[in-house]
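Report on the structure given below.
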Amino acid sequence: MIYRIFAVLTVVAVLIGSLLLARQNRAPEAATVQRADTSEGYSARDAQLIETGANGLPLYTINAASIRQLPREDRVQLTQVGLAFQDPSGDRWSATADRGAIVHGTQEVELTGNVQVSAALQGSHAPIQIRTDTLTFDTHTDLVSTADPVALEWAGQKLDATGLIVNLKAHRLQLESKVHAIVTPSH
């Protein structure tokens, strides 16, 4: 009889010991983790972006000290920007700015801060120089525009205005308002 009691107590002790050990070794319940957007965006230093047309030739080139796209933003941020492109006639244009942005879903490059544009136009002996604080280049419509004050210099002539639209396809530069000019006719 003692043997049976001892056997039952041993089985009970093993069961209790197993339960206690199982409780101690049980992994804690996993915490529920909600992940945020997995898109980390991207960034680059001393970068060059080249947009090409259907023929594989460059439409425009952007050089920037830094390029940064943040998650859930609709634009790519640029610093110390250089933009170069050719208009439909083959005239070469270049622009520099402190900052810029490429807007997703559009064909626009926005330049801001100390924007300076230069173009060597065919048939002209002097390049055209444009200075302003903001400028938008729409690569789809070939329009360059700003609503801000503009300083324009061409062949020694100076013009100040508020607002500018350059239609690259039509070879037309339009000053919007408040034009002040000093023109010296050449002899």
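Assorted remarks:
- Given (1) of a type in the set (A, V, I, L, M); (2) within 18 Å of I62 (Cβ to Cβ); (3) at pLDDT 90 or above, index of the condition L168 fails: (3)
- Boolean, K158 is modelled with pLDDT under 90, among the basic types (K, R) and not in a strand (DSSP E or B): no
- Verdict on K178 being in contact with a strand residue (DSSP E or B) (Cβ under 9 Å, 6 or more places away or on another chain), surrounded by fewer than 15 Cβ atoms within 10 Å (Cβ to Cβ), touching a residue at least 12 places away in the same chain (Cβ under 8 Å) and assigned to a strand (DSSP E or B): yes
- For the stretch 80-105, a tally of residues being of a type in the set (S, T, Y) and touching a Gly at 6+ places or on another chain (Cβ under 8 Å) returns 2.
- The residues of the stretch 78-96 that are over 18 Å from Q129 (Cα atoms), surrounded by fewer than 18 Cβ atoms within 10 Å (Cβ to Cβ) and in contact (Cβ under 8 Å) with a residue 24 or more places away in the chain, listed by number, are P88, S89.
- When residues of the stretch 45-57 are limited to those that are touching a strand residue (DSSP E or B) at 6+ places or on another chain (Cβ under 6 Å) and surrounded by fewer than 13 Cβ atoms within 10 Å (Cβ to Cβ), the one farthest from G90 (Cα to Cα): R45
The values are calculated or read from the model by the stated rules, or taken from the named source; none is laboratory data. Here the structure is a predicted model, which is why all the values come from computation and not from measurement. Glycine gets a Cβ as well: all are built from the backbone with ideal geometry, and neighbour counts include every protein chain shown.
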